[in-house]
Amino acid sequence: MNLKSASEKVQGTLILTDKRLLFVSANKEEDVDITFEGVSRRTGTLRYADVEDLKQIPESPNNLSIPLSVIERTSGSEGIIHPPSLKIDWQESGKTRHVEFSEEIIGGRKKDLRDWAKVIDSLRSGKTAFQKPRNAPPSADSLEGKILYVLGDMQEKGAFEIEEEVEDAFKMDTDPDAVEAAADKLVSDGFLDDTPDKSGDKFYRKRSPLGEDDLSS
């Protein structure tokens, strides 16, 4: 995600909560394949913020925290040669401020940055509310808690990929059947959604608190 200002372009991660819109400037990077519609695939460097806990966001003059209650106007757009963008006007210290975000990676998602405007407006008006799980979250020390951790990126993953990421993140050995059983329990408890594959395998994804308005899919 890019934040455009009068003097520079800053890369980072955009986060929407039930209270505010956050932009956290990049603190990590990795090489990825970037696809532009109508243009051949190329490899580029993705710079992003790795945010596991909002309370531990590193300080940066490029970070933004905009309460939804002070947002005056939102608009999303996408041109033929321009990437999806989101424009925000809000009140701060008695003055109207403006910021524009543009999407760094195009394609691969059902919704893009232009869709954020509608969801933000729905949250501000009360038409949309964040959905809370019906059960208490599992302990971070449990296998279920570890699975939720590796699925925190909101990406769909099979049981084998989840097992690998849990073992890598927590330096432990796991049992494939135990991983799948734990993932299925998280589905029944409302923390994950599962999608059966034609081969019979299942893929799991952390359930979005926005429901059908999920912006990460």
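The values are calculated or read from the model by the stated rules, or taken from the named source; none is laboratory data. This one's a predicted model, so the numbers in the text were calculated from it and none came from an experiment. Cβ atoms come from the backbone with ideal geometry, glycine included; neighbour counts cover every protein chain shown.
Quick check: anything in the stretch 158-179 among the basic types (Lys, Arg), at pLDDT below 90 and not in a helix (DSSP H, G or I)?
Here is the first cut: in the stretch 158-179, the ones among the basic types (Lys, Arg) are 171.
Those left that are additionally at pLDDT below 90: none.
There is no residue in the stretch 158-179 that is among the basic types (Lys, Arg), at pLDDT below 90 and not in a helix (DSSP H, G or I).
Which residue, of 125, 93, 139, is among the hydroxyl-bearing types (Ser, Thr, Tyr), at positive phi and without any contact (Cβ under 8 Å) to a residue 12 or more places away in the chain?
Details: 125 fails: at positive phi; 139 fails: at positive phi.
Answer to the selection: 93.
Can you tell which of 190, 145 is within 28 Å of residue 16 (Cα to Cα) and free of Cβ contacts under 8 Å to residues at least 12 places away in the same chain?
On the way: 190 fails: free of Cβ contacts under 8 Å to residues at least 12 places away in the same chain.
When all the criteria are applied, what remains is 145.
Quick test of your reading of the structure: residue 192 fulfils all but one of (1) within 29 Å of residue 75 (Cβ to Cβ); (2) outside the structural domain of residue 77 (by TED's automatic domain parsing); (3) of a type in the set (A, V, I, L, M). Name the failing condition by number.
Failed condition: (1).
If you take the residues in the stretch 141-155 that are in contact with a Phe, Trp or Tyr (Cβ under 7 Å, 6 or more places away or on another chain) and hydrophobic (A, V, I, L, M, F, W, C), which one is surrounded by the fewest Cβ atoms within 10 Å (Cβ to Cβ)?
Initially, the stretch 141-155 is screened for residues in contact with a Phe, Trp or Tyr (Cβ under 7 Å, 6 or more places away or on another chain), giving 146, 148, 151.
Among the residues that remain, those that are also hydrophobic (A, V, I, L, M, F, W, C) are: 148, 151.
On the way: 148: 19, 151: 23.
The extreme case among them is 148.
What number of residues within the stretch 97-133 are surrounded by fewer than 16 Cβ atoms within 10 Å (Cβ to Cβ), at pLDDT 85 or above and of a type in the set (Phe, Trp, Tyr)?
Residues meeting the conditions: 0.
Checking residue 176 against (1) surrounded by 11 or more Cβ atoms within 10 Å (Cβ to Cβ); (2) closer than 17 Å to residue 138 by Cβ, only one condition comes out false. Which one?
Evaluating residue 176 over (1) surrounded by 11 or more Cβ atoms within 10 Å (Cβ to Cβ); (2) closer than 17 Å to residue 138 by Cβ leaves (2) as the failure.
Working only within the stretch 180-205, note down all residues that are part of a strand (DSSP E or B) and closer than 15 Å to residue 136 by Cα. Full working, then the answer.
The first filter runs over the stretch 180-205 and keeps only residues part of a strand (DSSP E or B), leaving 192-196, 202-205.
The answer is 192, and nothing else.
For the stretch 53-99, how many residues meet the condition of being in a strand (DSSP E or B) and within 18 Å of residue 11 (Cα to Cα)?
Going through the stretch 53-99 one residue at a time, the tally reaches 9.
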